[in-house]
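Engineer: This is the structure I have questions about; it appears just below.
FYI, it's all coordinate maths here, none of it is from the lab. Just so it is clear, the structure is predicted and the values come from calculations on it, not from any experiment. When we count neighbours, we look across all protein chains shown, and the Cβ atoms used for this are built from the backbone with ideal geometry, even at glycine.
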């Protein structure tokens, strides 16, 4: 066989290999796309909703779960969507929101994905705190409310993703059982706080106070020192003295300066609680945070 024929054979063989390789690659790509398109993409708005979704979707088939806002963002009031946020929701099938105006950007994300189902966890909640202008959206700090949020989300997921309906039912029941057990212990150990007055420098804890029967005097701030004027601070100090208030409640992640000023002037005790806005990425996070709060309040 001459050299020219050998070269032709080599070229033909290489062409065949390339063609086969291309076909295999396209099949793999097609299979990957088929698997990807068969997934149910669930996106939660922020950390408290993500913890609920972790519990409800455990063991469910074909679920791709992600959280929109970074877990350290905290509260979503006045939150500005990022490009990365929009990428997460533009292909989502289901978006789980807290509701009550917490996610004021809902209309914007629906513009980019009108087919996405939005689950509002606050549906049919009756004990909503309002100042007459806006509703307090921090409903999850009440265990009673949180249980209703879990149940609301589970029911909506069962409708939106019927193939995993039984998994959602079982997971919801398991989680609610754990939460009910926590709730009984919580209310039993903290019954002594019923009727107790407290200055609250973070509106997130109003629901916790409502649940425990406490009389919360909430000073609404954006948790920055400049938001409480000297005049307001003086008024709060006088109120604490007049009513002999013993407790000042703040979030553990908030600045303590104003609370310390009030405490130094009145002798009231500062309690640094966990609002559950940020934390570890595990399904037991909420229960652990509430137990942390229970311990602090019990020792108060």
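Engineer: Counting only residues that are under 13 Å from residue 202 (Cα atoms), out of contact with any strand residue (DSSP E or B) (no Cβ under 8 Å at 6 or more places or on another chain) and free of Cβ contacts under 8 Å to residues at least 40 places away in the same chain, how many does region 227-262 have?
Structural biologist: Within region 227-262, residues that are under 13 Å from residue 202 (Cα atoms), out of contact with any strand residue (DSSP E or B) (no Cβ under 8 Å at 6 or more places or on another chain) and free of Cβ contacts under 8 Å to residues at least 40 places away in the same chain number 3.
Engineer: With the condition being within 20 Å of the chain's Cα centre (by Cα) and surrounded by fewer than 21 Cβ atoms within 10 Å (Cβ to Cβ), I'd like the strands (runs of 3 or more DSSP E) fully within region 206-286 carrying at least 3 qualifying residues.
Structural biologist: Correct list: empty, since no element meets the threshold.
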